[in-house]
């Protein structure tokens, strides 16, 4: 005797079980077409049907490049699939393996909240971070307010702890990343914020001020990237390094303006590989102008050289500002006392701003008044000693671009002259 269930005669009558982890943690921040690629391929894979990337693109009505971009995104950014290259090295021939999401997430951590508590204990016991339990709880409470939740979920707490303990992120950077994500996109999932924290930490950012300066430098250029990608019909949610390098080559080495590139991009309509086609247009245009790359490259600096120049310039300004501050602290100890007091007041202000307590508006006003009063007292001490009010501030060589080389509209600042550097 045996039992059996009749299988549906058509694929569309089957059921495909998908872990809620994908819906909750991946779907909100992923490009819509990327999600379609994943789901359609996943459904067929569950039934033992293998589609080529070209077949997948044709079925979904999107370019093959978008399919490849989706797999790059899910493999490199989200790490929920594995790309297995074939011997020929052609990306169109690479195999895709779907990772077991439940096993990956819960294979070693059965309970997120318990994992968070264990991690918190490990941090305190091992002394790997200068974060005590009270500070950690306060950080979690502030993040909960930012994301609009009564308390922070245990799984999210565990992930945040991994950023602090394993990745070397600092609490101020983690909190600032949540504030930035909430303001920019409204997306505050740990998977989304985690990418921001990782990038900022790798860049060496340690404070809110560091993050603000970094964003001022990068946002203008990334706005240009986004416009160019949309202009050639490739609205990628993740820009690859190769694509970025190509855009930087055209903008920085070849001297094309964003407006000119957008104009040329109009000629890619109906073309399969629009980015490659645009590169061909630019190459032909330069050949007609007699620019083979040699003379032009000698006249222009690369993006790397530009960034290196401004990075060294900013470090120089920071070092000089620190030297001036040390001089003032030595001559006028009261200024140091005021600065230390304002650090405490600013921390209290941040806690108040992110709290849900009654009378918050009055408390914020009182703290701002106390900070302003301390600042006036500081200026008075400096001027009394014969120093300008902004003596300890960082001095920019160029106030227009703040020593970044780029203006707010993404164009190069006039302060950069490669032949003179």
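The values are calculated or read from the model by the stated rules, or taken from the named source; none is laboratory data. Keep in mind the model is a prediction, meaning the values are calculated, not measured. Reconstructed Cβ throughout: ideal geometry from the backbone, glycine too, with neighbour counts over all protein chains shown.
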Could you tell me whether any residue of the range 166-186 is within 17 Å of residue 213 (Cβ to Cβ) and part of a loop (DSSP other than H, G, I, E, B)?
yes
Tally time: how many residues in the range 305-343 are touching a residue at least 60 places away in the same chain (Cβ under 8 Å) and in contact with a helix residue (DSSP H, G or I) (Cβ under 7 Å, 6 or more places away or on another chain)?
2
Residue match in the range 74-84 (condition: part of a helix (DSSP H, G or I), closer than 24 Å to residue 275 by Cα and modelled with pLDDT of 85 or more)
yes
Does residue 295 satisfy the condition of being at pLDDT below 85 and assigned to a helix (DSSP H, G or I)?
yes
Of all residues being in a helix (DSSP H, G or I) and in contact with a helix residue (DSSP H, G or I) (Cβ under 6 Å, 6 or more places away or on another chain) in the range 194-224, which is modelled with the lowest pLDDT? Just the residue, please.
224
Test residue 337 against the stated conditions and say whether it is part of a helix (DSSP H, G or I) and either assigned by TED's automatic domain parsing to the domain that holds residue 179 or at pLDDT 90 or above (or both).
yes
